[in-house]
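Below is one structure, written out as structure tokens; comments come after it.
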Amino acid sequence: MTRIVADISVSLDGFVTGPDPGPGNGLGTGGEALHTWAFSEDPDERQVLREGTGRSGAVVLGRRLFDLVDGPDGWDEETGYGAGEVGRPAFVVVTAAPPASVRLRTLDWTFVTTGLPDALGAARQRAEAASARAGRDLDVVLMGGGALIRSALDAGLVDTLSLHLAPVLLGAGTPLFAGAVPRPLVRRALVATPNATHVTYDVL
């Protein structure tokens, strides 16, 4: 069964970027520390990354995040989603209007202008098709940004919440849960690695 999985790195004080995120400073001041684990050569952290990207049948992201990853300082063959680990999944972008052009033209992009539920529906179709090709269940992964993940959680659209808790206090930035709709969670897994604690919850 295809699940909707929200997967994001977060500081211990609840921020998914540092202060002043934007072009050329996508993760904000100090925000790079959130993703140290994802670029580590530690075998346990490589395994967490491999399992997370390996389950991805389709990936959903918001327009602001798309503009960062497709921008001149964004992804390349060494730093893109699942680079060096898995084949690239389809990407679905929630946006008010499609971009005039795309730099990363080798990736499979779909731009949905009718809202998050429709974007998740399109991503589910792509993930189910990928599952059929792979012969195993693959998921729709919400990679961010924080506002998109919080909106999906608030709307009850998320099955699983996967947090990578980085050992850093950023003090300010983009909050993940500020103003969130109260919702019970059940912890399903916990893995501690040198640069993060990885906690997976079922969303009730």
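Return P(r) of segment 1-122 (all Cα-Cα pairs; 10 Å bins starting at 0; whole %; ordered from short to long distances).
12, 40, 41, 8, 0
Suppose the chain between Asp108 and Asp13 were pulled fully straight at 0.36 nm per residue; how much longer would it get relative to their current alpha carbon spacing?
Length gained between Asp108 and Asp13: 30.8 nm.
Share of the chain's accessible area from carbon and sulfur, percent, 1.4 Å?
Roughly 54 percent, rounded to a whole number.
For Val191 and Ala172, calculate 0.36 nm times their separation in residues minus their Cα-Cα distance, and state this gained length in nm to one decimal.
Length gained, Val191 through Ala172: 4.2 nm.
Projected onto the charge dipole of the chain (+1 at Lys/Arg Cβ, -1 at Asp/Glu Cβ, origin at the Cα centre), which of Trp37, Thr197, Gly179 gives the Cα projection farthest towards the positive end?
Checking the options against the dipole of the chain, the answer is Gly179.
Take every DSSP beta bridge with both residues inside the chain and express the antiparallel ones as a percent of the total, to the nearest 5.
The answer is about 40 percent antiparallel.
Extension gain Glu41-Asp73, at 0.36 nm per residue separation less the Cα-Cα distance, in nm?
9.3 nm
Per Stokes-Einstein, at 20 °C and 1.002 mPa s, what whole-number D in µm² s⁻¹ belongs to segment 64-132, with the Kirkwood radius over Cα pairs as the hydrodynamic radius?
In µm²/s, the coefficient rounds to 165.
Using a Gaussian network model of the chain with C-alpha springs under 10 Å, which one of Ala152, Ala119, Ala178 is most mobile by mean-square fluctuation?
Highest fluctuation of the listed residues: Ala178.
In nm², what is the average projected area of the convex hull enclosing the Cα atoms of segment 138-204?
Convex hull of Cα atoms, orientation-averaged projection: 5.2 nm².
How large is the Rg to Rh ratio of the chain when both quantities use alpha carbon positions and Rh follows Kirkwood?
0.93
At 1.4 Å probe radius, can you tell me the per residue accessible area of the chain in Å²?
Value returned for the chain: 49 Å² of accessible area per residue.
Normalising by the residue count of segment 120-204, find the relative contact order in percent from Cα pairs under 8 Å and 6+ residues apart.
Value for segment 120-204: 27 percent.
The values are calculated or read from the model by the stated rules, or taken from the named source; none is laboratory data. Predicted, not measured: the structure shown is a model, and the values here were computed from it. Cβ: placed from backbone, ideal geometry, glycine included. Neighbour counts: every protein chain shown. When the accessible area is computed, the model is the full protein with side chains, heavy atoms only, and any ligands, DNA or RNA have been set aside. Shrake-Rupley method; radii C 1.70, N 1.55, O 1.52, S 1.80 Å.
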